[in-house]
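Here is the structure we will look at.
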6 protein chains.
Amino acid sequence: MRPNDRAKDQVRPIKITRNYTAYAEGSVLVEFGNTKVLCNATVEENVPRWLKGQGKGWVTAEYGMLPRATHSRTRREAASGKQGGRTMEIQRLIARSLRAVVDLQAMGEIMVTVDCDVIQADGGTRTASISGASVAMADAFQYLVDNGKLKANPMRGHVAAVSVGILGEDVLCDLEYVEDSAADTDMNVVMTEEGKMIEIQGTAEGEPFSHEELLDLLDSAKKGITEIVAVQKAALAD
Amino acid sequence: MRPNDRAKDQVRPIKITRNYTAYAEGSVLVEFGNTKVLCNATVEENVPRWLKGQGKGWVTAEYGMLPRATHSRTRREAASGKQGGRTMEIQRLIARSLRAVVDLQAMGEIMVTVDCDVIQADGGTRTASISGASVAMADAFQYLVDNGKLKANPMRGHVAAVSVGILGEDVLCDLEYVEDSAADTDMNVVMTEEGKMIEIQGTAEGEPFSHEELLDLLDSAKKGITEIVAVQKAALAD
Amino acid sequence: MRPNDRAKDQVRPIKITRNYTAYAEGSVLVEFGNTKVLCNATVEENVPRWLKGQGKGWVTAEYGMLPRATHSRTRREAASGKQGGRTMEIQRLIARSLRAVVDLQAMGEIMVTVDCDVIQADGGTRTASISGASVAMADAFQYLVDNGKLKANPMRGHVAAVSVGILGEDVLCDLEYVEDSAADTDMNVVMTEEGKMIEIQGTAEGEPFSHEELLDLLDSAKKGITEIVAVQKAALAD
Amino acid sequence: MRPNDRAKDQVRPIKITRNYTAYAEGSVLVEFGNTKVLCNATVEENVPRWLKGQGKGWVTAEYGMLPRATHSRTRREAASGKQGGRTMEIQRLIARSLRAVVDLQAMGEIMVTVDCDVIQADGGTRTASISGASVAMADAFQYLVDNGKLKANPMRGHVAAVSVGILGEDVLCDLEYVEDSAADTDMNVVMTEEGKMIEIQGTAEGEPFSHEELLDLLDSAKKGITEIVAVQKAALAD
Amino acid sequence: MRPNDRAKDQVRPIKITRNYTAYAEGSVLVEFGNTKVLCNATVEENVPRWLKGQGKGWVTAEYGMLPRATHSRTRREAASGKQGGRTMEIQRLIARSLRAVVDLQAMGEIMVTVDCDVIQADGGTRTASISGASVAMADAFQYLVDNGKLKANPMRGHVAAVSVGILGEDVLCDLEYVEDSAADTDMNVVMTEEGKMIEIQGTAEGEPFSHEELLDLLDSAKKGITEIVAVQKAALAD
Amino acid sequence: MRPNDRAKDQVRPIKITRNYTAYAEGSVLVEFGNTKVLCNATVEENVPRWLKGQGKGWVTAEYGMLPRATHSRTRREAASGKQGGRTMEIQRLIARSLRAVVDLQAMGEIMVTVDCDVIQADGGTRTASISGASVAMADAFQYLVDNGKLKANPMRGHVAAVSVGILGEDVLCDLEYVEDSAADTDMNVVMTEEGKMIEIQGTAEGEPFSHEELLDLLDSAKKGITEIVAVQKAALAD
């Protein structure tokens, strides 16, 4: 049995709290069980230098973990003087995922930066980040619409993500930390709200996986993402 | 009148939430009005190299601000590759303040690190950090006592801090951001629960201040700190 | 038509030159068309600190591009003072892929580091790196066997990788630079010589991709990898 | 008794040598007993980017210690790749202190940078730096007046600083190294020549200090600063 | 006897391969025996900021070693976060040597950067780099002439370099690694094709050297450089 | 005529002040005209890790310039986060020069570090540094002898250095800044007190130089170094 009697294809309780902090144009606390990530979207009315003058916008992301988000303390990246490879990998993934559902051309020369800071880490921080950042970004775009800076929200829909994995014989959805560290295969899947794929990143930590296992993983991910999108929509409907 | 009809010598509503995150040995969310700081205390059973073999413990602190804790986005220190001078100054102050109320000899070769991460910044983040860190540290020491690692809590009492300032003719206690940026003089005062001084740092941002003004500032600080200590004690009594 | 009249599912001419440099325990120049990567495997008889005393070995990788491997000059990472996010992401992928086919337990406390340095970049440098590094690593293990440090080669088989992508309506195998920059979807697939999956990383650069497109991409990748494994085996048979 | 039979409230012999080096617009060697700091003021006719176009000037400071200014060798900060927290704290203090006596508006878009480099350290390097930098800055402003770049010197008066401390029962003025390392409380006081306060920074290294002790410390500091200002004025009168 | 029966004043077999990579405006693989350096010259139509608007060009160089160019693996400078002192020294030497044979005024506001990356190191990598970079730079200038960006090649002639040394009683030309590490004196000599001196850098690693020994070293260097220039000219004549 | 009516082969007035600061085991202020360098030698009773256990000592050096040692302010290397190429080149040269006159075997496992910090720069700072560091090192070794740590001073004699150059038709000795920046060729020569060569580094900044010019430069350098050694000996005889 999984912890808390979860079914194999069941995601953890997901909670999305909007307007979590006061200053960001979009501010979301996203919780997947014990994993808690604060996603703050910032609007700036200029774009990176290499994009200037093209009339297009940009969406980017940064990711960080508070030192004691984890079971034992992780060294603060600001103190060690650089962001590690894992951090860079994750923030690049979040940013690509967000851009995949935005019409950059329709944004004009505006930049949205989503900071995803992990308050508590119990597995799946990158997929929770993407799922929460999508809502924070939606609020930031609504802010721009409300303030007359944009005519319409340039998002084509939501983006959501979940991790799936193979543990022994089982395909599990939304792994928590103890499951993740024991899994043979770990896959992060990012999809549009229509269930089309934006990113899949699967890694065999132990045994290589077969074509059939891949299909099972994708199946499980799709089901999970459907649930996450429902929570995103409900949060935005409030 | 001050924002929210505060009296000149009145601190903002202070709230201390213990066990805010799940893994740290002491975890406190401290709120001074809109200023919110997460203070996580970590226990490690070894000390810095320069202290090894002396049978003494150590208490240290690190400070950070989430990029969008502030009205406009601040660059992430991990991304810029170093902690700024302000960050270093603050984390050194927090650490000294905490050590001032701990019997390091009684700790044995144990290290406590308190991470103070600002979730939302509305003035007084360093004094809120100290006030919250004191409670997080108390919980961490209690954890060590409960687990038989220490016979008794080596804290000699609480440490609390508040900022005071001169704005025009007025001496104000616990300045929020709009007050702080307009103040002529800004002073941070750190005291023991008995009202003895651990640190005072006063800066004339505009006009130099007189001896009498200093006395008024200290008076106001002492009153504020008394209230903060009461909140600390109430929080620990829960 | 593809450049050089390639069929959609055809890999570029692949060439693996062993013993390319004189000092490394395994040294391979791998060419996928105009993409050329030098893969040097180094044997060291100690392991990273966190692994010491466990009787296990370790395999790691580093990746770099010569500044003028690309059409226009890329800034030297040693001069800019840090490895970029893309570099970190790639070297982590190479290392995981190599470890997936090695019995670390059987290595004893030995470390193999494979340096993949791109001499010329025309798309697919990370997949060429993995495919070449597998051969360099095999030579390094053979060196350890020949010198009596290991009883048997701890590799369970070869690992090979290829990039596949969707360009317009077409699924293409082993994209070169001009194809890669125009592709809607880009996927890197890493497989064992038996065709089981070690890593898949698919990204929708433009339109999200469907389940059917994913299956077509995997199909194309599997066919390409079969050819690459044949070249690896032929090279080692020389 | 204090070293060299000093009275408790007596500052060390203070010496200010102007024009110590040949190129700086203001160059002062300041000596407080064995503490020797070279303060070089540089004039540049542009201001930091964030200040451009406002018609205001800027005063800043940097601080460093030669590696063998101290009893045992301190690692060179240029070699370790960053300035430590103590250095940053000190140079920020010096800069704030200098700005407190300058009418930045009256400077026009000119920047003065004062480099304080410690040749020999025997306690009180930051207060000696401030006291010497005030004179170097005065010379730099005079240079601007003499060259027709400024109509009048924009300094409102001198700024001077001294450290005071509590050692056992005694309040001591201008602590040297052996006193400083044994003191319970250490306070740096920065004042205008009229004796108004610009900065006070007091730290209880051992026992917290009382209100009465603070008053005694300030008293002692004020007396010491009066003497330092006299030396500053005499030096400038030469 | 020297390795491979070389005479004392004999350079190793030298080979210069042009157009070694596909994208650089000048691309040369230079081999001095087992020392192999890839020299890629890049043309950019702008100059460093400090040179803008003067109508002059600039030539610069960077140097790097692949981690396994050496007998044991050298740490990757990009990973350690900075270029070492040896690297900086060498790339400054290469750049000065190249500029010494170029009429910067005649270049116009164009910059040529030559990247010298050591593929295999067996002594004399800096002198091989200079000798190869001269040819790569010549090709880059020819590219500019062929494309109508320059009317004539601004090089005044070739620049070539060789290392000479004293080993025991013998003066040796073009030292390989085993000779270099045993030599008492090591000298790098850079000359124009007419045999005039651009740089000499001689170091007594063991015994100081006499005036007579210096003359013998220069004699040997001049003879070696004559041979290298012949190879450069032959390569460019192909 | 040269500035101050110097003859072509005449060195500037040289002054060596011993015991310039109080704490270093050897402390020398060396002046070559307006060039002033503080050379502090530190003794530590351990050696770098790679030398441990071999019973040998080590001599190393670091070099720095105070920001306003120069006509216009140079950025502080500690603030920019790294030592530049010129600094590294110079400190490596100083260290090699010092080691050339020391019997490292006779030192035992002791390390001497000489910090050369330029207080005022008017050309020839590296050669002044070497000439002053030799005396500071001699004092440090004498300190070790006096304290019974060494039986005898392990220096084989003094090391001294001078810069020479060609300006127009003239060979000049000990160039000051205005001469140095105008010179066609600049050469730094390091010799033992017997006039044997330790290092020569000659660079053609403008025209390449001939064999005859080299001989003239060496001649001039030798004469200058003879005078410098006399000043070194006189200083140590005091």
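If you filter the range C:93-108 down to residues that are within 12 Å of the chain's Cα centre (by Cα) and closer than 20 Å to C:ALA221 by Cβ, you find that the one that is surrounded by the fewest Cβ atoms within 10 Å (Cβ to Cβ) is C:ARG96.
Scanning the range A:49-95 for residues that are closer than 30 Å to B:ALA140 by Cβ, part of a helix (DSSP H, G or I) and of a type in the set (Asp, Glu) gives a single hit, A:GLU77. Scanning for something in contact (Cβ under 8 Å) with a residue 40 or more places away in the chain and polar (S, T, N, Q), does the range D:56-64 turn up at least one residue? Checked the range D:56-64: at least one residue is in contact (Cβ under 8 Å) with a residue 40 or more places away in the chain and polar (S, T, N, Q). For the range C:11-30, the criterion of being more than 7 Å from every other protein chain (Cβ to nearest Cβ), open to solvent by less than 50 Å² (accessible area, probe 1.4 Å), of a type in the set (Lys, Arg) and on the phi < 0 side of the Ramachandran plot is satisfied by at least one residue.
Looking only at residues of the range C:187-203 that are more than 7 Å from chain A (Cβ to nearest Cβ) and open to solvent by 10 Å² or more (accessible area, probe 1.4 Å), we find that the one that is nearest to C:ASP219 (Cα to Cα) is C:GLY195. Checked against the criterion of being farther than 30 Å from C:LYS233 by Cβ and not acidic (Asp, Glu), the range C:99-112 has no qualifying residue. Taken over the range A:143-175, the criterion of being among the aliphatic types (A, V, I, L, M), open to solvent by 10 Å² or more (accessible area, probe 1.4 Å) and in a helix (DSSP H, G or I) is satisfied by A:VAL145 alone. Exactly one residue out of C:ALA230, C:ALA221, C:ALA160 is over 29 Å from A:GLU194 (Cα atoms), of a type outside the set (Lys, Arg) and in contact (Cβ under 8 Å) with a residue 24 or more places away in the chain, and it is C:ALA160. Residue count for the range B:49-92 under the criterion of being more than 7 Å from every other protein chain (Cβ to nearest Cβ), over 20 Å from the mean Cα position of the chain (by Cα) and either open to solvent by 30 Å² or more (accessible area, probe 1.4 Å) or small (Gly, Ala, Ser) (or both): the result is 12.
Restricting attention to the range E:8-25, the residues that are in contact with a Phe, Trp or Tyr (Cβ under 9 Å, 6 or more places away or on another chain) and acidic (Asp, Glu) add up to 1. Against the definition (on the phi < 0 side of the Ramachandran plot, among the acidic types (Asp, Glu) and free of Cβ contacts under 8 Å to residues at least 60 places away in the same chain), how does C:GLU194 come out, yes or no? When the stated conditions are applied, C:GLU194 passes them.
Taking the range B:33-48, which residues are assigned to a loop (DSSP other than H, G, I, E, B), closer than 22 Å to B:GLY148 by Cα and open to solvent by 50 Å² or more (accessible area, probe 1.4 Å)? Within the range B:33-48, B:GLU45, B:ASN46 qualify. Residues that are within 13 Å of chain F (Cβ to nearest Cβ), out of contact with any Gly (no Cβ under 6 Å at 6 or more places or on another chain) and part of a helix (DSSP H, G or I) within the range D:96-136 comprise just one, D:ALA133.
Of the residues contained in the range B:109-130, one or more are found to be open to solvent by 20 Å² or more (accessible area, probe 1.4 Å) and out of contact with any helix residue (DSSP H, G or I) (no Cβ under 7 Å at 6 or more places or on another chain).
Could you tell me whether F:SER181 is assigned to a helix (DSSP H, G or I), away from every other protein chain (no Cβ under 14 Å) and polar (S, T, N, Q)? Taking the combined requirement at face value, the residue satisfies it.
Number of residues in the range E:196-230 that are within 17 Å of the chain's Cα centre (by Cα) and either more than 26 Å from F:GLY206 (Cα to Cα) or among the polar types (S, T, N, Q) (or both) equals 2.
With the condition kept exactly as written, say whether any residue in the range B:35-43 is farther than 22 Å from A:GLU77 by Cα and either at the interface with another protein chain (Cβ under 10 Å from one of its Cβ atoms) or under 17 Å from the mean Cα position of the chain (by Cα) (or both). Looking for residues that are farther than 22 Å from A:GLU77 by Cα and either at the interface with another protein chain (Cβ under 10 Å from one of its Cβ atoms) or under 17 Å from the mean Cα position of the chain (by Cα) (or both), one finds at least one in the range B:35-43, hence yes.
Just for the range C:145-175: of the residues that are over 15 Å from the mean Cα position of the chain (by Cα) and charged (D, E, K, R), which one is nearest to the other protein chains (Cβ to nearest Cβ)? This residue is C:ARG156.
B:LEU236 - would you say it is part of a helix (DSSP H, G or I) and either open to solvent by 10 Å² or more (accessible area, probe 1.4 Å) or more than 8 Å from chain D (Cβ to nearest Cβ) (or both)? It is true that B:LEU236 is part of a helix (DSSP H, G or I) and either open to solvent by 10 Å² or more (accessible area, probe 1.4 Å) or more than 8 Å from chain D (Cβ to nearest Cβ) (or both).
The values are calculated or read from the model by the stated rules, or taken from the named source; none is laboratory data. Here the structure is a predicted model, which is why all the values come from computation and not from measurement. Positions of Cβ are backbone-derived with ideal geometry, glycine not excepted, and every protein chain shown enters the neighbour counts. Surface accessibility is based on the protein's heavy atoms, side chains included, excluding ligands, DNA and RNA. Shrake-Rupley method; radii C 1.70, N 1.55, O 1.52, S 1.80 Å.
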